[in-house]
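Trainee: Attaching a single structure in structure tokens format; questions to follow.
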Amino acid sequence: MKTLWVAAVLIALSSPAIAQDKEMRLSPDALTWKENPVFPKDVEIATLVGDSTKAGDVVVLRIKFSPNFQMPPHTHAYPEVVTLISGPVGTSHGEKFEKERRDVEARINVGVSGKTCALRWTGDEQAILQVQFIGPGDIDYINPADDPRKKVGQRAGMSSAHTRKV
């Protein structure tokens with residue numbers, strides 16, 4: 001059943017891309033990495049395709065995590081497909097980091113259903129994930145204190161007035 005669900009998500013995500021009338025090629029050096037106020041300060045995002053604020057848009061993002069980073073437990077309202085591009089990334093599901101889960105590494109595509117609580121962490125090196133979903137993007141942190149949008153002054157220009165959109 002899980003395999004069928006992952007196949008359905010991949011087909012749904014690829015169908016609009018197939019229908020596009022022009023080809024787009026990006027080299028890794030051409031990506032523009034930016035901080036996003038919905039993520040902790042050690043995360044940068046590069047948008048490959050789509051607009052994550054628009055409903056129905058196919059969105060493909062690269063997410064760069066710094067070394068020794070822990071992404072707080074969070075959920076998204078939508079299913080996503082996550083692919084490890086580089087570096088070791090630990091991943092598990094649940095609302096708390098647990099040491100026995102720290103040896104898990106994601107090295108393949110993973111279909112994650114909406115509202116599944118996810119945890120991610122890196123080791124001693126930077127890591128990059130590619131995430132695909134249908135917009136609009138959002139993120140809800142299990143512990144509201146982990147939400148960077150509520151930490152006024154964590155980054156320059158950031159305030160608690162930011163929306164949940166990715």
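The values are calculated or read from the model by the stated rules, or taken from the named source; none is laboratory data. If you're wondering where the values come from, they're calculated on a predicted model, not measured in any experiment. As a convention, Cβ positions derive from the backbone with ideal geometry for all residues, glycine included, and neighbour counts pool all protein chains shown.
Trainee: In this structure, is T163 of a type in the set (S, T, N, Q) and either within 16 Å of the chain's Cα centre (by Cα) or at pLDDT 80 or above (or both)?
Mentor: No; evaluated as a whole, the condition is false for this residue.
Trainee: Turning to a different aspect of this structure: Output the residue which, of all residues in the stretch 28-66 that are crowded, with 18+ Cβ neighbours inside 10 Å and polar (S, T, N, Q), is nearest to T83 (Cα to Cα).
Mentor: S52
Trainee: For V58, work out the one condition from (1) of a type in the set (A, V, I, L, M, F, W, C); (2) within 30 Å of K151 (Cβ to Cβ); (3) modelled with pLDDT of 95 or more it doesn't fulfil.
Mentor: With (1) of a type in the set (A, V, I, L, M, F, W, C); (2) within 30 Å of K151 (Cβ to Cβ); (3) modelled with pLDDT of 95 or more applied to V58, the lone miss is (2).
Trainee: Starting from residues that are surrounded by 14 or more Cβ atoms within 10 Å (Cβ to Cβ), touching a Leu at 6+ places or on another chain (Cβ under 9 Å) and outside any strand (DSSP E or B), keep the ones in the stretch 88-102 and report whichever is modelled with the lowest pLDDT.
Mentor: Once the filter is applied, the top-ranked residue is R101.
Trainee: Could you say whether any residue in the stretch 75-82 is out of contact with any Lys or Arg (no Cβ under 9 Å at 6 or more places or on another chain), at pLDDT 95 or above and of a type in the set (D, E, K, R)?
Mentor: no
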